[in-house]
Amino acid sequence: MSAELVESTGLVAGFLTTLAYVPQVLKVWRSRTARDISLIMFLLMNLGIALWLVYGLLIGSPGLIAANMVTLCLTAAVLAAKLKFDRPFSRSGSPRE
C-alpha cells in the first residue's frame, strides 16, 4: 500500500468520525440541555482526543492532527454546554425541575 493511500484513509476516517459529533453539538445547543449526556464520558473523551492530538503532533501526522483538532473543538462544545445548561440550580437559587 502506498503512503498516500494510507494517509488518505486516515483523513477520510478522521473526517467521518469528526463529522459524527456535529449532530450532537447542534442538538445540545439548540435544545439548551445536555441532561442525557454523561459528564464523565465527555470529560474522558476530551482527554483522550487531546492525547490523540498530542500523539499526532509528535509523529507529524496531518490526518491525526486535523481530525483531532476539530473533534476536540466539537466535544469541548458539548462539554461546555453540559456544564452551562445543566446546572443543578437555576439562577433564582431553586432546584431545576
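As an equivalent ellipsoid, the chain spans semi-axes of 34, 13, 8 angstrom, where each value is the square root of five times an eigenvalue of the C-alpha gyration tensor, largest first.
Based on C-alpha pairs under 8 angstrom that are at least 6 apart in sequence, the chain has a relative contact order of 38 percent. In terms of packing, defined here as the mean over residues of other Cβ atoms within 10 angstrom, the peptides 21-29, 70-78 line up highest first as 70-78, 21-29. The alpha-carbon positions of region 33-78 define a convex hull whose volume is 49 Å³ per residue. Note the angle between two axes, namely the Cα long axis of helix 22-31 and the longest principal axis of the Cα atoms of the chain, as a number of degrees from 0 to 90, rounded to the nearest 10. It is inclined by approximately 10 degrees. With respect to the chain, whose longest principal axis is taken over its alpha-carbon atoms, helix 3-19 is tilted by about 10°.
Label-to-label distance for Lys84 and Phe15 is 2.9 nm, based on points extended 7 Å past Cα in the beta-carbon direction.
Suppose R0 equals 30 Å. What FRET efficiency, 1/(1 + (r/R0)^6) with r the Cβ-Cβ distance, do Met69 and Ala3 give to the nearest 0.05? The computed FRET efficiency comes out at 0.85. Relative to the Cα centre, the charge distribution of the chain, modelled as +1 at Lys and Arg Cβ and -1 at Asp and Glu Cβ, gives a dipole magnitude of about 700 debye.
Just so you know, all these numbers are worked out from the coordinates, no wet-lab data involved. The shown structure was predicted, so the numbers you read here are calculated from the model rather than taken from an experiment. All Cβ positions, glycine included, derive from the backbone under ideal geometry; neighbour counts span all protein chains shown.
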